[in-house]
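Working notes for the structure below.
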Amino acid sequence: MTRTRYDEICEDLINSPRRWLVTGVAGFIGSALLERLLDLGQTVVGVDNFLTGHKRNLDDVLRINPDERLQFQFIEGDLRDPEVAKRACSEVDIVLHEAALGSVPRSIKDPLASHQHNVDAFLNVLWAAKEAGVKRVVYASSSSVYGDHPGLPKHEDRIGKPLSPYAATKRADEIYAQVFHDCYGLQMIGLRYFNVFGRRQDPDGPYAAVIPRWIANMAEGKPCVIFGDGSNSRDFCYVDNIVQANLLAATADGAVAGTVYNCGCNGRTDLKELFAMIRDGLEKDFPEVAGAEPVFEPPRAGDIPHSQAAIDKISAALGYVPTHQVADGMAETVAWFAQRLRKK
């Protein structure tokens, strides 16, 4: 089997552990990063305000290997407070910034909150990292920055007009990151995530992501709503690919810093296909979902019709090779949720 750069850097991290800060550590992406870092013997500081993250995610990770609790320090706090950011960045080698208030519809309803959590908090982290002498910050950006640019797949140097306050906050983060790289020499790498899904993603609440919400709804006999005619498509990216990209970005040569990279699979799945994929995966545990059909409602404001990541740049610069295409990741995700839903 061909040895990848990811294999090499994981081995290097085991031999030469670092001290990491994961912001938004109780979210589903943050907890996946925590899980992998602890598995590699790293020391991790995590910060979360539990606004969208959950203590159960941390408990789930720390149950996997209870001995790893000794290598994890948790700070419950809000990064809108500069003192929380300062404390979190103290004596840290690398920052993985995942903390954010997600959801396009939420940002349209409350743009002030989105700005405070996504821009003000990010600026606090950058300044604290710079002051603490952190070596590198890897931060979560979003495919939403492509806005109304019609091209497919999406290339990093061709973006359009933002279509929501959420998209505007993520574009603002990229601009601030570039400024901190240029003005202060802080090594910055941004990752534009494309529709991430996987274990521990929250199925509850009005702004829940589509995949965990549909899994829960189908299992409970509730309708699954598609906004539009179901032809909208997304580059759905399994969370383990995101973990890989973060670790590659965190450990890459300094020459690749000061830029942003797409993080997806260079594929597209429309919402009708997604519905069928989830239904077929759930059927063996919940036979009653076999005949389920989606409910269609009018399109939502701020939603783009199609999204697909060009990944040649991140592959060439960082050695990124997705380990999971959408079908592989969906099988693991549905199985993870099904196991927990059966216990209810």
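When residue 38 is tested against (1) over 20 Å from the mean Cα position of the chain (by Cα); (2) in contact (Cβ under 8 Å) with a residue 24 or more places away in the chain; (3) closer than 27 Å to residue 133 by Cβ, just one condition goes unmet, and that condition is (1).
Applying the set (1) touching a Leu at 6+ places or on another chain (Cβ under 6 Å); (2) under 26 Å from residue 104 (Cα atoms); (3) open to solvent by less than 20 Å² (accessible area, probe 1.4 Å) to residue 314 leaves exactly one unmet item: (1).
Scanning region 326-344 for residues that are within 17 Å of residue 264 (Cβ to Cβ) and crowded, with 16+ Cβ neighbours inside 10 Å turns up 326, 329, 330, 333.
Annotation for region 284-307: no member residue is crowded, with 18+ Cβ neighbours inside 10 Å, over 26 Å from residue 107 (Cα atoms) and under 22 Å from the mean Cα position of the chain (by Cα). Could you please find all residues in region 154-198 being hydroxyl-bearing (Ser, Thr, Tyr) and in a strand (DSSP E or B)? 193, the sole residue that qualifies. Among residues that are more than 18 Å from residue 101 (Cβ to Cβ) and either free of Cβ contacts under 8 Å to residues at least 24 places away in the same chain or small (Gly, Ala, Ser) (or both), residue 189 is not included. Can you tell me which of (1) in contact with a helix residue (DSSP H, G or I) (Cβ under 6 Å, 6 or more places away or on another chain); (2) open to solvent by 20 Å² or more (accessible area, probe 1.4 Å); (3) modelled with pLDDT of 95 or more is the one residue 104 doesn't meet? Answer for residue 104: the failing condition is (3). If the Cβ limit is 8 Å and pairs must be 6+ apart or interchain, which residue in region 124-135 that is touching a residue at least 12 places away in the same chain (Cβ under 8 Å) pairs with which residue that is open to solvent by 30 Å² or more (accessible area, probe 1.4 Å) and part of a loop (DSSP other than H, G, I, E, B)? Note: pairs meeting the criteria are 124/80; 124/81; 132/90; 132/91; 134/93; 135/93. Candidates in region 11-37 are the residues that are farther than 14 Å from residue 136 by Cβ and among the charged types (D, E, K, R); of these, the one that is most open to solvent (accessible area, probe 1.4 Å) is 11.
The values are calculated or read from the model by the stated rules, or taken from the named source; none is laboratory data. In this text, all values refer to a predicted model and were calculated from it rather than measured experimentally. So basically every Cβ, Gly included, is an ideal-geometry build from the backbone, and we count neighbours across all protein chains shown. Quick note on the areas: whole protein, heavy atoms, side chains included, nothing else; ligands and nucleic acids left out. Shrake-Rupley method; radii C 1.70, N 1.55, O 1.52, S 1.80 Å.
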